Amino acid sequence: MLVGRAIFSDHAAMDITRFRNILLALIFIAAGAPWHGAHAGGTITLGITSATAFSIPHYIAEEKSYYADEGLSVDTIIAGSANAVLQQLAAGSLNIGQAATDQTLRAIQRGAPIRIIAGAASNAPFRMVAAKGTKGWGELKGKTVTVGGLTDVTLYFLRTMARKNGLGDHDYDLVYGGGSPNRLAQLLSGAVAGAILTNPHDFMALEQGYVDLGSVPDYLPHWAQNNIQVDTRWAAQHRAEVLAFLRVHIRATRFFYDPANRDQVIAILAKHTKSTPDVAAKTYDLYVRQQVIAPDAALFTDGIQQNIDALVAIGEFAAAPPLAGFIDPSFLAEAAKP
């Protein structure tokens, strides 16, 4: 198990046993009760963790009216954490979610009526960013570092990177800060000495003189970070809406990767992530170079499997369950047909 000293923030303090009990209660209540869904017709309620570049296809779809072209109206809920997205999805408050792979696997393994149906981010463009003047990992010993939460993948990233740089799990304290925007704020305020950040928040910090201690893909090069999930009960009754949503997502990823659209994508990214054009451009260039956004929303099954293997390695899964129990590729296969 991933353990260590921890200081809980107001937004994310939760004992792991209490969290699991709450999640299980939501799952069993939702599974046993009649399902009514968040919305009917052509309206979809989508949940995302926070306003990061991972959701750029969604932002493009909104700005280019792709949803309207498919007769869809999409209400977006920024839940604040992957756990919150998945809890709301399991409870029927959301129809579709976009959340971290590891958290999704945990929820499904515990019985949540959720399946992964498409890819979103096919690697993990996170970075360890430290306070100004930091010379290396060794200076974080005895200091406080912020990650997303006790069961958040950013804690696994931190553990993996820190161990390979000579720090034990008890050599630093933790703050569970929620999404990347919150973690950036903690770093800028001086409340922490380091933060695991994703884009564009890592570039925002680096622009201000904070120190880059390394990127997650250098340590975990085959990691599926983020996927699109459905409430399986809702999806069974609204397959047409799911297919329309995926067609929009595929169209938006193609717009993203078309070099002719670079300036438009950067402007959209800057608007929705509240970043400067320069930071948005750096994020865009990184995402294109590393193909962070899953082209055509493709499922990165090898990357999902690496998440499963990691959960086995840290003792959360006793053995690796079959991948087929976590995904439903039929929606994407149908949506991708000409």
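Go through (1) under 17 Å from Ser81 (Cα atoms); (2) of a type in the set (D, E, K, R); (3) at pLDDT 95 or above one by one and return the number of the condition Arg163 breaks.
The one condition Arg163 does not meet is (1).
Does Gln109 meet the test of being open to solvent by 10 Å² or more (accessible area, probe 1.4 Å) and at negative phi?
The answer is yes for Gln109.
Can you give me the number of residues within the range 218-255 that are open to solvent by 10 Å² or more (accessible area, probe 1.4 Å), part of a loop (DSSP other than H, G, I, E, B) and either modelled with pLDDT of 95 or more or touching a helix residue (DSSP H, G or I) at 6+ places or on another chain (Cβ under 8 Å) (or both)?
Looking only at that region, the number is 4.
So which residues in the range 165-190 are under 13 Å from Lys132 (Cα atoms), open to solvent by 30 Å² or more (accessible area, probe 1.4 Å) and of a type in the set (A, V, I, L, M)? Spell out how you get there, then give the answer.
We begin by selecting, within the range 165-190, every residue under 13 Å from Lys132 (Cα atoms); these are 187-190.
Still in the running and open to solvent by 30 Å² or more (accessible area, probe 1.4 Å): 188-190.
Leu188, the sole residue that qualifies.
Determine which member of the set Leu89, Leu150 is open to solvent by 10 Å² or more (accessible area, probe 1.4 Å), in contact (Cβ under 8 Å) with a residue 12 or more places away in the chain and of a type in the set (A, V, I, L, M, F, W, C).
Leu150
Here is a list: Ala318, Ala260, Ala324. Which entry is open to solvent by 60 Å² or more (accessible area, probe 1.4 Å) and in a loop (DSSP other than H, G, I, E, B)?
Ala318
Residues of the range 270-282 being part of a helix (DSSP H, G or I), out of contact with any Phe, Trp or Tyr (no Cβ under 6 Å at 6 or more places or on another chain) and touching a residue at least 24 places away in the same chain (Cβ under 8 Å), which ones?
Lys271, Thr273, Asp278, Ala280, listed by residue number.
Looking at Ala51, Ala31, Ala79, Ala38, which one is aliphatic (A, V, I, L, M), open to solvent by 40 Å² or more (accessible area, probe 1.4 Å) and either at pLDDT below 95 or out of contact with any Phe, Trp or Tyr (no Cβ under 9 Å at 6 or more places or on another chain) (or both)?
Within the list Ala51, Ala31, Ala79, Ala38, the selection yields Ala31.
The values are calculated or read from the model by the stated rules, or taken from the named source; none is laboratory data. Quick caveat, the model's predicted, so the values are computed rather than measured. Note: ideal-geometry Cβ built from the backbone for every residue, glycine included; neighbour counts use all protein chains shown. For accessibility, only protein heavy atoms count, side chains too; no ligands or nucleic acids. Shrake-Rupley method; radii C 1.70, N 1.55, O 1.52, S 1.80 Å.
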